[in-house]
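Worksheet for the structure shown next.
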Amino acid sequence: METNFDDIRPYRDEEIPAAMQRIANHELIPSIANYLMPGADVEALRERIGKVSTVAEFQYGLVKDITESVLKKTTVSFECTGAENICEKKPYLFVSNHRDIVLDAMFLQYALHTNGHGTCQITFGSNLMCHPLVIDFGKSNKMFRTERGGNKMEFYNSLLHMSEYMRHVITEQKESVWIAQRNGRTKDGIDATDPAIIKMFGMSNNTDRVESLAELNIVPVSVSYEWESCDKLKTLELYVSRNQKYEKKPGEDLNSILTGIKQQKGRVCFHFCEPVSHDDLKRLDTFSGSAFYRQIAALMDQRINSNFKLQPNNYIAHDLRSASNQFASFYTAEEKERFIDYMAWMDECKDMDKSVLKEIFLGIYANPVDSFLKTIC
């Protein structure tokens, strides 16, 4: 495919040295180093960054160290299962539920690397590429730009362009790609694949819809955090959204990125689900029009939600919301007390309806239980 992708693609190796110099000399490096690597010699770190000359050196050196630092500082454990569902030499289109702006993809990269696979290219919304340091870091880390907004024709063209690029990466570059199952993070704890995303995958090859999707090797990925990323921020956003259109404040996305990185996450689990096979697609090909894409999305939801690693917090929230002890066997009294104590942050929200805040907050943790139960009914 001869389409020019320079407007969205990640950096190539020859572009890395200049990007590393910009990163090394950035004024925020001391602050970042202080959090991620306390006690580190900042000048030595700048020198280390400046010596990086390829994408692989950046990912398997600095990014790996940063990821391990975040895991060490903010998680109790990191578990990756389902590796038997993917082959080392095959490129995939990984489609996951989306809970954290940066860490979902960063942890996926780490899971792939530690299980003997190459890293993948990552979709990254243009709204997040709002800071030169974020742009350089992201594009050096195999992130490619996805456009947001524009009029109807501009939006269609950007989707087609992204679809063509993803197919190019998978079928010609033989690299995997990661994308979220929907536009934006899950805020309410309900993970659902947008059928329009599936339709977008096929825009770049509309000759045969089954073959078009089959050659992308779609693998659903289920992501779960014991302590939901940005749970307080998500609660407040959903609260405001109930009464008015939510307008993001300047710097809000960057604040969410930093909050997600710094927040305690407890147990983190990633699961590579059973791929969407050619047989799956052929079976669903009996559905016409948009129903075909809805059925694929439903299949992916079933695999993602059935493999979501439910934690005591999820069951506690469900019981608190329903004022029952239905799932009391899945948690201890101490765990319940800890969760209730954590909810005390809402007491500081003086001008808000605490009952509504509580309902929203509990839903973020409780809804995955309902989603899981639907997969086994």
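Data overview
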quantity: Under 26 Å from Lys51, Cα to Cα: lysines that are on another chain or at least 8 residues apart; calculated: Lys64, Lys72, Lys139, Lys142
quantity: Rounded to whole Hz, the Karplus (6.51, -1.76, 1.60) HN-Hα couplings of the stretch 366-377, x for glycine and proline; calculated: 7, 4, x, 5, 4, 4, 5, 4, 5, 6, 10, 7
quantity: Order by protection proxy (mean Cβ within 10 Å, highest first), peptides 68-78, 163-173; calculated: 163-173, 68-78
quantity: If the convex hull is drawn through the Cα atoms of the stretch 10-146, its volume per residue in Å³; calculated: 119
quantity: Derived scalar couplings ³J(HN,Hα) [the stretch 85-102; Karplus, 6.51 cos²θ - 1.76 cosθ + 1.60; whole Hz; x for Gly, Pro]; calculated: 7, 10, 9, 4, 9, 10, x, 10, 9, 7, 10, 10, 5, 10, 10, 10, 4, 10
quantity: By average C-beta atoms within 10 angstrom, highest first, the peptides 359-372, 340-353, 275-288; calculated: 359-372, 275-288, 340-353
quantity: Within the stretch 229-251: backbone nitrogen closer than 18 Å to the Cys349 label point (7 Å, Cα to C-beta); calculated: 229-249
quantity: Accessible surface of the chain, 1.4 Å probe, proportion on carbon and sulfur as whole %; calculated: 52
quantity: For Cys80, distant residues with modelled amide H under 5 Å away; calculated: Phe270
quantity: Residue with peak Gaussian network fluctuation, the chain [Cα springs, cutoff 10 Å], from Glu274, Glu215, Glu154; calculated: Glu154
quantity: Size of electric dipole in the stretch 248-321: Cβ of Lys, Arg +1 and of Asp, Glu -1, about Cα centre, debye, nearest 20; calculated: 320
quantity: Hydrodynamic radius (Kirkwood) for the chain, which is based on Cα pairs only, to one decimal in Å; calculated: 22.0
quantity: Solvent-accessible area per residue for the stretch 41-85 (1.4 angstrom probe, square angstrom); calculated: 51
quantity: Hz values of 3J(HN,Hα) by residue in the stretch 25-42 - Karplus curve (6.51, -1.76, 1.60), Gly and Pro given as x; calculated: 8, 6, 5, 8, 4, x, 5, 5, 4, 4, 7, 7, 9, x, x, 5, 6, 4
quantity: FRET efficiency estimate (nearest 0.05) - Cβ-Cβ, Ser31 to Glu359, R0 56 angstrom; calculated: 0.90
quantity: Extension gain (nm, one decimal) between Ser324 and Glu154, 0.36 nm per residue minus Cα-Cα; calculated: 56.2 nm
quantity: Two-site FRET efficiency, Asn255 against Ala333, from Cβ-Cβ distance with R₀ of 30 Å, rounded to 0.05; calculated: 0.30
quantity: Paramagnetic label zone (point 7 Å from Cα along Cα-to-C-beta, Arg242; backbone N under 19 Å) in the stretch 175-195; calculated: 187-190
quantity: For the stretch 157-286: accessible area per residue (Å², 1.4 Å); calculated: 42
quantity: Ordering of 134-145, 187-198 by burial proxy (mean other Cβ atoms within 10 Å per residue, highest first); calculated: 134-145, 187-198
quantity: The chain: most fluctuating residue of Lys90, Lys152, Lys64 per GNM, C-alpha cutoff 10 Å; calculated: Lys152
quantity: The chain - percent relative contact order, Cα under 8 Å, separation 6 or more; calculated: 21
quantity: Cross-link pairs Lys152/Lys245; Lys309/Lys374; Lys73/Lys265; Lys248/Lys309 - those with Cα-Cα distance over 19 Å; calculated: Lys152/Lys245; Lys248/Lys309
quantity: Reachable aspartates and glutamates, given that their alpha-carbon falls under 18 Å from the alpha-carbon of Lys262 and they are not under 8 places away in the same chain; calculated: Asp65, Glu68, Asp100, Asp104, Glu226, Glu228, Asp231, Glu252, Asp253
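The values are calculated or read from the model by the stated rules, or taken from the named source; none is laboratory data. All values reported here derive from a predicted model rather than from experimental measurement. All Cβ positions, even for glycine, are placed from backbone atoms using ideal geometry, and neighbour counts span all protein chains on display. Ligands, DNA and RNA are excluded from the accessible area calculation, which covers all protein heavy atoms including side chains. Shrake-Rupley method; radii C 1.70, N 1.55, O 1.52, S 1.80 Å.
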